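Read through the structure below, which is laid out as structure tokens, and then see the notes.
Just so it is clear, none of the values below were taken in a lab; they were calculated from the coordinates. The model shown is predicted, which means the values in this text are computed figures rather than measured ones. Please note: Cβ atoms are built from the backbone with ideal geometry, for glycine as well, and neighbour counts cover all protein chains shown.
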């Protein structure tokens, strides 16, 4: 009886360790509390690229937008407790150069050139928790807050009233901004997966104070985890200065993975 009990305990511990390893050491985990492995790169064409500084520390930035609208984030893993993986994400966002570039008349002009865009940046902090509700999926919940720092006045008529852009710049007109959301991802078969997430932005002290983004994609992953192709949609709702509006946008991305 004692041997049977010891065997059962051993099986339980092995399964628990295996579950932890498979959850915390996943590839393509942007948007979850899981980090990529040390010295692994994931380079996206249209999304942020990531690098594993250590197994518990991850750096991300968008290579194409870095020189126009730099945004750098660091995600720190804080371990796994009873099957729940915890992490925090901290970022800095500098939009001044981009807003000055589009402050002109004619093609490419999104802001009137009469306005002065001051130096400014935003600091974001987010808490993430991930859990595996069943073997082939990861469910993540997150909540965060963003503050802006400005070195001069910013006229409210300089807003860029476009989906995706407006919610991320709104913090510079009325702060702080809160965000909450969920991310649910998994795979049907080893090479074919899916992703569904919902993100909500809530802006303080402003009538146009709520924005929602829902993304759904199917993803193909190569056998050696060196390539991932995603295609799907992004549904956006926002309360803009001109009124409430829905937008449905296509989503496609190609991500290259280097290192294991």
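Treating r as the C-beta distance of residue 82 and residue 56 and R0 as 22 Å, the FRET efficiency rounds to 0.75.
Among 234, 215, the ranking by other beta carbons within 10 Å of each residue's beta carbon, starting with the fewest, stands as 234, 215. Note on the chain: GNM, Cα springs under 10 Å; of 225, 89, 42, the largest mean-square fluctuation is that of 225.
With viscosity set to 1.306 mPa s at 10 °C, what whole-number translational diffusion coefficient in µm²/s follows for region 121-230 from Stokes-Einstein and a Kirkwood radius over Cα pairs?
Rounded to a whole number, D works out at 99 µm²/s.
Between residue 67 and residue 252, the simple spin-label model (points 7 angstrom out along Cα→Cβ) gives 2.5 nm.
Taking N as the residue count of the chain, its C-alpha radius of gyration divided by 2.2 N^0.38 Å amounts to 1.14. Taking Cα atoms only, the orientation of helix 2-24 departs from the longest principal axis of the chain by about 20 degrees.
Among 189, 164, what is the fewest-to-most ranking by other Cβ atoms within 10 Å?
189, 164
The ranking of 41, 246, 28 by Cβ neighbour count inside 10 Å, starting from the fewest, reads 246, 41, 28. Across the chain, Cα pairs under 8 Å and at least six residues apart give a relative contact order of 13 percent. Binning the C-alpha pair distances of region 32-165 at 10 Å intervals from 0 yields a P(r) profile of 11, 32, 30, 17, 8, 1 %, listed from the shortest bin outward.
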